[in-house]
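Okay, structure first, notes after.
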Amino acid sequence: MMTMTRPEVAAPVELLTSQQVAERLAMSVRTLWRLVAAGRFPQPIRYNRKLVRWKSTDVDRYIESLS
């Protein structure tokens, strides 16, 4: 009998609001946006003018780069 193997499915990427990112980084939302504007923090995904989200993996990578 052949065993069927399932292909690996990547875990879905969690999307974070600016408030959630700011809380993870222990800073204000305004400071977060200043870092984005200065090019010192990854750009968010923009769905429209008001709806923006960051990938949790991008935030985690940024935190690791601070070490």
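The values are calculated or read from the model by the stated rules, or taken from the named source; none is laboratory data. If you're wondering where the values come from, they're calculated on a predicted model, not measured in any experiment. Neighbour counts are summed over all protein chains in view; Cβ atoms, including those assigned to glycine, are modelled from backbone coordinates with ideal geometry. Protein only, heavy atoms only, side chains kept; ligands, DNA and RNA dropped before computing areas. Shrake-Rupley method; radii C 1.70, N 1.55, O 1.52, S 1.80 Å.
Some points to look at:
- 20 °C / 1.002 mPa s Stokes-Einstein diffusion coefficient of segment 28-67, Kirkwood radius on C-alpha pairs, µm²/s: 198 µm²/s
- Relative contact order of the chain, defined on C-alpha pairs under 8 angstrom at six or more residues apart (%): 35 percent
- Unit Cα scatterers, Debye sum, the chain: log10 I(q)/I(0) for q = 0.12, 0.21, 0.29 Å⁻¹: -0.39, -0.89, -1.46
- Trypsin sites (Lys or Arg not before Pro) restricted to DSSP loop in segment 38-67 with at most 15 other C-beta within 10 Å: Arg40, Arg49, Lys50
- Full extension of the segment from Gln20 to Trp33, taken as 0.36 nm per residue of separation minus the current Cα-Cα distance, would add 3.4 nm.
- Carbon + sulfur, % of accessible area of the chain - ligands and nucleic acids excluded, 1.4 Å: 54 percent
- Residue-normalised accessible area of the chain, expressed per residue, 1.4 Å probe, Å²: 83 Å²
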